[in-house]
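> My questions will all concern the structure given below.
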Amino acid sequence: MMESDFPKPTEDLGVMYIAIGGRSLWQLRRSLASLRHHCPNVPVALFTNQPAESCPRVEYRFEVSATGGYHVKPRFIPWLPFERTIYLDVDTVILKPSAIAPADLLTDQFGYEAAYVHGVSRRCDKVRICGVPSMNSGVLMLRKCPRVLRALAHWRRTYRGGNDEILLTKALLRHRVPSYVLPAEWNCRVRGQVRHYSVIRITHHRHVLRLVQPDGSVPEELLRQWWETGIAQPTGALVA
């Protein structure tokens, strides 16, 4: 699609996925199943270069031309498909309905225009702004408004490969986007980031995808075993 072809949002709130390359589709199916299980009424927009027959069914599907790699986020996220877009990486797993609740802060009532999860502390030095850690771009909640769109356009212009999250952090700061920083429970990438598995809303640990059942749930016992051992035992169940 040409840049001008990306559609304007048709709904107030929705989830956005980007799936580039066929190997990302098994992750997408499981992440999407977990989203449907916990948040069944939220529409989904998929940006992909894969044929429709191989992709899971979503409310909005946008064909794009791209290759794999981190450049795809700066390329496509600037075209937010909804008034309030929740962007999820395809290797995330939704564990609770409250996973999308922070999007309610992205309104005139509260004044926030972005919500994100801070990155791990070792990245603070890369931002080079005292006290500002980088965000992790795998879970983002963004309001479609002038400041956010300008920040995302700046992100796209300055990205040349590598450090996409650092540049996104700087772009939002540069354009003074009112932001709400979520704790690691909304993007748990390392088990040590949170105090207990029961508080996790969204995991970003690829092995947990193996635990997603056909109905999109993750049995607590399997999640507990992963938490205690670091091993996600495959269930053998396939997510269509």
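> Of Pro219, Leu167, Pro56, which is farthest on the positive side of the dipole of the chain, counting Cα position, with +1 on Lys and Arg Cβ, -1 on Asp and Glu Cβ, and the Cα centre as origin?
Value computed over the given set: Leu167.
> Once fully extended, how much extra length lies between Tyr180 and Ala66, figured as 0.36 nm per residue of separation less the alpha-carbon to alpha-carbon distance?
The span from Tyr180 to Ala66 would gain 38.0 nm if fully extended.
> Just the number please: accessible area per residue for region 165-206, 1.4 Å probe, all protein chains included, in Å².
47 Å²
> Tell me, what HN-Hα J-couplings in whole Hz come from the Karplus equation 6.51 cos²θ - 1.76 cosθ + 1.60 at θ = phi - 60° for each residue of region 181-193, using x for Gly and Pro?
Calculated HN-Hα couplings, in order: 9, 8, x, 4, 4, 8, 6, 6, 9, 9, 4, x, 6 Hz.
> Further question: How large, in percent, is the carbon and sulfur part of the accessible surface of the chain at a probe radius of 1.4 Å?
Its accessible area is 51 percent carbon and sulfur atoms.
> So, with +1 on the Cβ of K and R and -1 on the Cβ of D and E, and no other charges, what is the size of the charge dipole of the chain about its Cα centre, to the nearest 20 debye?
Here the chain has a charge dipole of around 860 debye.
> Next up: List the pairs from Lys96/Lys170; Lys73/Lys170; Lys73/Lys96 whose alpha-carbon separation is above 22 Å, in the order I gave them.
Checking Cα-Cα distances, Lys96/Lys170; Lys73/Lys96 exceed 22 Å.
> If you average 1/r over all unlike Cα pairs in region 195-239 and invert the result, what Kirkwood radius do you get in angstrom?
10.7 Å
> Between Val199 and Glu221, what is the label-to-label distance in nm when each label sits 7 Å out along the Cα-to-Cβ direction?
In this crude label model, Val199 to Glu221 measures out at 2.7 nm.
> If you take the beta carbon distance between Arg23 and Val190 as r and set R0 to 35 Å, what does 1/(1 + (r/R0)^6) give as a FRET efficiency, to the nearest 0.05?
0.90
> Amide H neighbours of Met135 under 5 Å, at least 5 residues apart or on other chains, H built in the peptide plane: list them.
The answer is Gly119, Thr169.
> Averaged over all directions, how much area does the convex hull of the C-alpha atoms of the chain cover when projected, in nm²?
12.6 nm²
The values are calculated or read from the model by the stated rules, or taken from the named source; none is laboratory data. All figures in this text were calculated on a predicted structure; none of them were measured in a lab. Don't worry about glycine lacking a Cβ; one is built from the backbone with ideal geometry, like all the others, and counts go over all protein chains shown. Ligands, DNA and RNA are excluded from the accessible area calculation, which covers all protein heavy atoms including side chains. Shrake-Rupley method; radii C 1.70, N 1.55, O 1.52, S 1.80 Å.
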